[in-house]
Amino acid sequence: MKVLVTGGTSGLGLAMASALAATGATVALTGRSGERAGSVAAGLPGATGVEMDVRDESSVARAVDQAWSRLGGIDMLVNNAGIGMRTVNPRFMTQPQGFWEVPPDAFRAVIDTNLTGYFLVAREITPRMLASGAGRIVNISMNHSTMRRAGFVPYGPSRAGSEALSRIMAADLRGTGVTVNLLLPGGATVTGMLPPHVVPEGHGFLSAAVMGPPIVWLASDDAAGVHDERIVAAEFGQWLRDWESRQ
């Protein structure tokens, strides 16, 4: 399996890239810094790093070309690159701010990365997958409750939009051989999106490693044809048992 993971230099992206590489997948991981992407990729077996700014269609096109060439094709896209509330309000966990206090430029930056970025990368890679007759797209999302949480503009709307985008992508691609699924951790996760030293006491967090088992399964032969599913990583074992019982 040849996999492109956007935003793969840290957090959920690195956890998924690591899990995939450990099972023998060939992984290209992206970051805005090509140097950092290459450095991180060097620590994973058979991985390669690619510079990509998901907000810029020319950067996306170049990166997909490079990844496709280096891997000899791409079987799976993991749309993960994103920025969180920390970039808008460093104290969002303890001092949330109203939507009217969010600077327009900060709003646009999050939407451009988390929503438009998913669209641009999927738009670039889907025609190639269609031409090859198969492909898998996994879009990373978050809990519905976070999409509606006070103080979470623009992160909540950006992920709500990307989830709607995923559902429409799945509808557009039904029956083509290219599948689209959603994957989310299932709770607040320890990543660079959390502000340091300001996490409320007693608040439990998931490890980014929770994303490993479901992304490895989605890349497996068992998941061929799985389409338009919403998988919560923290509940993956139960989800998989339920899914198998329906087959």
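The values are calculated or read from the model by the stated rules, or taken from the named source; none is laboratory data. Please read all numbers here as calculations on a predicted model, not as lab measurements. Cβ placement follows ideal geometry from the backbone for every residue including glycine, while neighbour counts extend to all protein chains displayed. We work out accessible area using only protein heavy atoms, side chains counted, and drop any ligands, DNA or RNA first. Shrake-Rupley method; radii C 1.70, N 1.55, O 1.52, S 1.80 Å.
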Quiz item: Whose amide H sits under 5 Å from the amide H of Ala81, counting only residues 5 or more places off or on another chain, with H placed in the peptide plane?
Solution: Thr6, Gly7
Quiz item: Which whole-number percentage describes the relative contact order of the chain, with Cα contacts under 8 Å and a sequence gap of 6 or more?
Solution: 20 percent
Quiz prompt | Residue-normalised accessible area of the chain, given per residue in Å² at a 1.4 Å probe | solution = 45 Å²
Quiz item: So what is the 222 nm mean residue ellipticity for the chain from helices alone, if each DSSP H run of at least 4 adds -39500 (n - 2.57) and you divide by all residues, rounding to the nearest 500 deg cm²/dmol?
Solution: -12500 deg cm²/dmol
Quiz item: Using alpha carbons only, how many degrees (0 to 90, rounded to 10) separate the axis of helix 236-246 from the longest principal axis of the chain?
Solution: 50 degrees
Quiz item: After finding the eigenvalues of the alpha carbon gyration tensor for the stretch 91-152, what semi-axes result from the square roots of 5 times each, listed largest first in whole Å?
Solution: 33, 14, 7
Quiz item: What angle do you read, to the nearest 10 degrees and between 0 and 90, between the alpha-carbon axis of helix 155-173 and the longest principal axis of the chain?
Solution: 20 degrees
Quiz prompt | Bins of 10 Å, starting at 0 and running to the largest distance - Cα pair percent for the stretch 38-80 | solution = 26, 58, 16
Exercise. Provide the per-residue ³J(HN,Hα) series for the stretch 109-120, in order, calculated from phi with Karplus coefficients 6.51, -1.76, 1.60 and θ = phi - 60°, each as a whole number of Hz, with x at glycine and proline positions.
Key: 4, 5, 4, 4, 7, 7, 10, 4, x, 4, 4, 5
Quiz item: So how do Trp239, Trp100, Trp68 rank on accessible area, 1.4 Å probe, biggest first, that is with the largest at the start?
Solution: Trp100, Trp68, Trp239
Quiz item: Counting only protein heavy atoms and using a 1.4 Å probe, what share of the accessible area of the chain belongs to carbon plus sulfur, as a whole percent?
Solution: 52 percent
Self-check item: DSSP bridge orientation in the chain - percent antiparallel, rounded to nearest 5
Solution: 0 percent
Quiz item: Among Met1, Met129, Met169, what's the order by accessible area (1.4 angstrom probe), most exposed first?
Solution: Met1, Met169, Met129
Quiz item: Over all pairs of distinct alpha carbons, what does the Kirkwood formula give as the hydrodynamic radius of the chain, in Å?
Solution: 18.1 Å
Practice problem: Would you kindly find the accessible area of Ile168, with a 1.4 Å probe and non-protein molecules such as ligands, DNA and RNA excluded, rounding to the nearest 10 Å²? | Solution: 100 Å²
Quiz prompt | Ordering of 134-143, 54-63, 16-25 by burial proxy (mean other Cβ atoms within 10 Å per residue, highest first) | solution = 134-143, 16-25, 54-63
